Each structure stands twice: as C-alpha cells, then as structure tokens.
Amino acid sequence: MERISVGIAMNGVTGRMGYNQHLVRSILDIREQGGLPSRSGVIWPEPVLVGRNESKLRAIADRHGLRRWTTSLDEALAEPDVQVYFDAQTTNLHDKAITQAIEAGKHVYAEKPLAERLDTALALALAAKSAGVRTGIVQDKLFLPGLRKLKRLIDGGFFGRLLSVRGEFGYWVFEGDWQPAQRPSWNYRVEDGGGVTLDMFCHWEYVLHNLFGRVRGVQALAATHIPERVDESGAPYRATADDAVYGIFELDGGVVAQINSSWTTRVFRDELVEFQVDGTHGSAVAGLRRCRVQHRSVTPKPVWNPDIESTEDFRAQWAEVPDNEPFDNGFKVQWEAFLRHVVDGDPWEHDFVAAARGVQLAELGLRSSTEGRRLVVPELAL
Ligand SMILES: NC(=O)c1ccc[n+]([C@@H]2O[C@H](COP(=O)([O-])OP(=O)(O)OC[C@H]3O[C@@H](n4cnc5c(N)ncnc54)[C@H](O)[C@@H]3O)[C@@H](O)[C@H]2O)c1
C-alpha cells in the first residue's frame with residue numbers, strides 16, 4: 001500500500017496535553033503501529049515540533065528520535081510538506097496561531113476550548129470555511145470506554161424514554177502551598193484563559209449533544225471557592241477564575257441534565273467523572289472506563305424509613321456492562337479519524353462549528369451565573 005506522509009506542525013507539545021496525549025499516545029503511537037491504513041494508502045504522520053523553549057523541544061525530539069523542531073511558527077508553516085497545524089497551547093493563544101495557520105492554507109486541529117469567546121470561535125470557523133481548509137476540535141470524552149458503552153445502551157434502546165442525566169466531575173486540585181498543584185496555574189486566572197466553566201462546559205456540550213440531545217437552555221452558578229493559590233515557581237497569585245460550576249442543562253426531548261464540575265471537591269466516587277442516566281426502562285452509571293446498569297425488572301422498592309438501618313446493598317444491585325470490543329486511547333482514535341478526514345475526506349463532525357457550540361455553552365453558562373437567570377442556547381450557523 002502506498003505511504004502517504006502528512007506533515008503536522010504540533011504547537012504546545014511541551015504541555016501536559018500536547019506531549020502526553022497528542023504527541024506520545026497519538027501521533028508517535030500511530031507511527032509505532034506502522035502508520036494508519038486509509039482508503040488511499042497508509043497515512044504516516046510526520047511531526048514538526050513547535051514551541052517557545054528550544055531546550056525543551058530539543059529534549060523531546062531527542063527522547064523520541066524526531067528530527068524536526070522549531071521555535072518559529074512561521075518556519076513550521078512554511079514547510080511545504082506540512083499539511084496540518086495542531087494547537088495545544090494555552091487557550092488564549094489558540095486564536096492568533098490558528099489564524100496564521102489558516103492563512104497559510106493548512107488544515108487545523110485544536111485542543112478545546114477553541115477560543116475564550118464565541119465571536120472569536122465563530123470567526124475562526126468562518127475563516128477556515130472561506131480558506132477551504134478542514135478543521136477539527138478535540139472531543140476526547142466521546143471516545144472513552146465508559147461513554148462508548150453508554151452510547152451503545154442508548155442505541156440499543158435500553159433506557160426506554162430518557163428522563164435525566166446527573167454528572168459529577170471533579171477532584172481536589174492542591175492549592176500549591178504545602179503540596180504542588182497538579183494543574184497549571186493559568187487554569188485559575190481568567191486573564192490567561194482559565195476557569196472550570198470554560199474548560200468543562202465545552203466538553204459537556206458535545207457529550208450531552210451526541211448522547212442525549214442538543215442543549216437548548218442553561219442555568220449555572222460559577223464560584224471561586226479558593227481565591228488565592230501558589231504557582232509553579234512558588235509565588236502566590238490571585239485566582240481570578242472560577243474553580244467550580246454547578247449547571248443545569250435542558251436538552252431536546254425534555255431531558256434534564258445536571259452537572260457539577262469542580263476542582264475543589266474530594267472524590268467519593270469510583271471515577272473522576274460519572275454520569276447517572278435515568279430512563280423509564282432502566283438506569284446507568286457511566287464513568288471514564290466503566291458502565292453499570294439497573295433494569296426496571298430488577299429495580300428494588302426502597303421504602304423511606306430513617307429509623308431503621310438500610311438492609312439493601314444498593315451498589316451491589318447494578319450489573320457491569322462488558323467491553324465487548326477493544327478500546328484504544330480516545331485522543332488517538334480521534335486523531336485517526338481526523339487524519340482520514342484530511343486525506344480521504346471521510347465524514348467528520350468535530351469541526352470548528354462544533355467547537356464554537358462548546359464555547360457558546362461556556363459563555364452562556366458564565367453569563368447565566370453573573371445574571372442569575374436561565375438562558376436559551378440559540379442554534380449556531382455560519
Ligand atoms: N481535552 C482535554 O481533556 C483537555 C484537558 C486539559 C487541557 N486541555 C486543553 O489543552 C490546552 C493546553 O492545556 P494543558 O493543560 O496542556 O496546559 P499546559 O500549561 O500543560 O501546556 C500549555 C502549552 O502552551 C505553551 N505556552 C505557550 N505560551 C505560553 C504561555 N504564555 N503560558 C503558558 N504556556 C504557554 C506551553 O509551553 C505548553 O506547551 C488548553 O487549550 C486546554 O484547555 C484539554
């Protein structure tokens with residue numbers, strides 16, 4: 001089979017997501033498996049590392065036997081074999097670099113959120129459309145085993161009529177004073193593109209939309225529970241961004257979703273995110289990897305009586321949904337679909353309009369919180 005080399009300028013590969021999920025577990029893994037079979041041939045991703053710090057880039061390139069890296073985005077975009085620009089920089093830097101890539105005629109793939117504001121996200125979507133380049137936004141949660149199993153249940157009609165979704169996302173992110181924080185400090189500064197609403201509502205938009213129905217209304221309360229934190233260099237800073245958000249989403253078909261997203265909660269769950277889905281015929285609890293169900297036929301009949309010790313082991317009454325198929329890394333699965341979309345024009349729905357819907361929901365969530373009221377989510381069109 002013919003080998004089709006696709007040059008990818010990868011910006012932000014010194015960061016958490018850019019390095020671990022995108023470079024190592026996606027692009028390098030695709031190379032390790034001998035490339036990606038597609039209709040036209042075997043796609044061979046050829047990364048060109050882009051970043052600010054020469055020594056960090058050189059170290060990554062050396063560690064993985066890569067030859068091409070640069071601190072100049074212009075230089076990377078001028079490479080004739082570079083067809084794709086990928087951006088995993090901090091969110092506030094996406095706009096400028098992505099605009100530059102679109103102007104250079106490159107297809108673009110970006111980490112979410114695409115931008116901090118809806119108008120910026122829509123402008124990028126429009127610019128890409130006018131330039132005739134293909135676009136992609138990371139929507140990794142759709143490819144997680146737990147959510148794939150949940151989708152299988154929905155497609156198989158397990159739930160009957162869907163009623164509601166209750167999501168819990170979060171964990172304790174250390175303040176950085178007596179133990180270093182496990183997330184970058186820009187996440188807690190609104191001026192640097194931080195905030196849990198912006199970070200998570202763009203995930204919840206595509207999760208809810210793809211599994212249960214389009215989001216038509218939102219009501220949220222965002223909070224900054226920890227107002228001061230300590231950064232990577234040990235310096236205290238003011239946390240200007242929200243670190244928890246409590247949201248209610250109204251979906252097509254009358255389904256109600258309620259999701260808490262928090263970096264200021266301690267985990268008493270089996271996984272860092274879990275969704276309980278209730279339907280007339282059954283319920284499910286899905287996490288990152290697991291999914292458990294209870295059908296109406298085996299639903300117990302608890303009776304409220306706080307005076308006696310509960311005799312039911314409620315958790316034991318749920319059945320595990322089996323994998324039934326192998327699940328690869330979600331980021332890699334999405335990269336493979338994007339590369340096939342670029343090379344073969346295979347169908348793809350995770351484009352910049354989808355990205356803009358995520359930013360829209362975050363923006364409306366924050367506005368709902370400030371204004372203290374429910375807001376309608378208008379349909380987006382370019
Ligand atoms: N899909 C997901 O689940 C997921 C999870 C976390 C983060 N993200 C997104 O990925 C992107 C990167 O997040 P991350 O957690 O990897 O961040 P990070 O801080 O670990 O990495 C940020 C990258 O941007 C670069 N950068 C360039 N200029 C910078 C500046 N002035 N300040 C700080 N960094 C600068 C850094 O060198 C680094 O390569 C963000 O858009 C974020 O929202 C997505």
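Shape call for the stretch 309-382 from the C-alpha gyration tensor, a ≥ b ≥ c root eigenvalues: rounded (a/c under 1.5), prolate (a/b greater than b/c) or oblate? Taking the square roots of the gyration eigenvalues as a ≥ b ≥ c, the stretch 309-382 is oblate.
Quick one: among ASP313, ASP346, ASP252, which has the greatest mean-square fluctuation in a GNM of the chain with alpha-carbon springs under 10 angstrom? In the Gaussian network model the winner is ASP313. With a ≥ b ≥ c taken as the square roots of the eigenvalues of the C-alpha gyration tensor of the stretch 322-362, please select rounded if a/c is under 1.5 and otherwise prolate if a/b is larger than b/c or oblate if it is not? Note, shape of the stretch 322-362 comes out oblate. Ranking PRO37, LEU364, HIS22 by Cα position along the charge dipole of the chain, where only Lys, Arg, Asp and Glu carry charges on their C-beta atoms, puts PRO37 farthest toward the positive end. At a probe radius of 1.4 angstrom, the accessible area of the chain per residue rounds to 47 square angstrom. Farthest towards the positive end of the charge dipole of the stretch 40-163, among the residues ILE102, LEU163, THR71, is the Cα of LEU163, using unit charges on the Cβ of Lys, Arg, Asp and Glu. Its relative contact order, with pairs defined as Cα atoms under 8 Å and 6+ residues apart, puts the stretch 98-207 at 25 percent.
Along the Cα→Cβ direction, 7 angstrom out, place labels at ARG161 and PHE268. What is the inter-label distance in nm? Between ARG161 and PHE268, the label points sit 3.4 nm apart.
Note on the chain: with charges restricted to the Cβ of Lys and Arg (+1) and Asp and Glu (-1), its dipole about the Cα centre is near 500 debye. Helix-only arithmetic for the chain: the sum of -39500 (n - 2.57) across DSSP H runs with n ≥ 4, divided by the residue total, places the mean residue ellipticity at 222 nm at -8500 deg cm²/dmol.
How far apart, in nm, are two points set 7 Å out from the Cα along the Cα-to-Cβ line at SER233 and at SER297? The answer from the label model is 6.5 nm.
One Cα centroid belongs to the stretch 293-362, the other to the stretch 125-141; the line between them spans 25 Å. Ignoring solvent entirely, what values of log10 I(q)/I(0) come out of the Debye formula for the stretch 255-382 at 0.12, 0.20 Å⁻¹ when each Cα is a single scatterer? Rounded to two decimals, the profile gives -0.82, -1.30. Given 37 °C and 0.692 mPa s, compute D for the stretch 75-175 with the Stokes-Einstein relation, Rh being the Kirkwood radius over Cα pairs; round to the nearest whole µm²/s. The estimated diffusion coefficient comes to 201 µm²/s. Largest GNM mean-square fluctuation among ASP192, ASP29, ASP155, using the chain with Cα springs under 10 Å: ASP155. Per residue, the convex hull spanned by the Cα atoms of the chain measures out at 166 cubic angstrom. If you count Lys pairs in the chain whose Cα atoms are under 17 Å apart, skipping same-chain pairs closer than 8 places in sequence, the total is 9. Farthest towards the positive end of the charge dipole of the stretch 297-361, among the residues LEU339, SER310, VAL353, is the Cα of VAL353, using unit charges on the Cβ of Lys, Arg, Asp and Glu.
In the elastic network of the chain, a GNM with C-alpha springs shorter than 10 Å, the most mobile of ARG340, ARG269, ARG292 is ARG269. At q = 0.25 Å⁻¹, what log₁₀ I(q)/I(0) does the stretch 1-92 have when each alpha carbon counts as one equal point scatterer in the Debye sum? Debye intensities relative to I(0), on a log10 scale: -1.35.
The values are calculated or read from the model by the stated rules, or taken from the named source; none is laboratory data. Bear in mind that the values here come from a model prediction, so they are computed numbers and not experimental data. Note that we place each Cβ from the backbone using ideal geometry, even for glycine, and neighbour counts take in every protein chain shown. We work out accessible area using only protein heavy atoms, side chains counted, and drop any ligands, DNA or RNA first. Shrake-Rupley method; radii C 1.70, N 1.55, O 1.52, S 1.80 Å.
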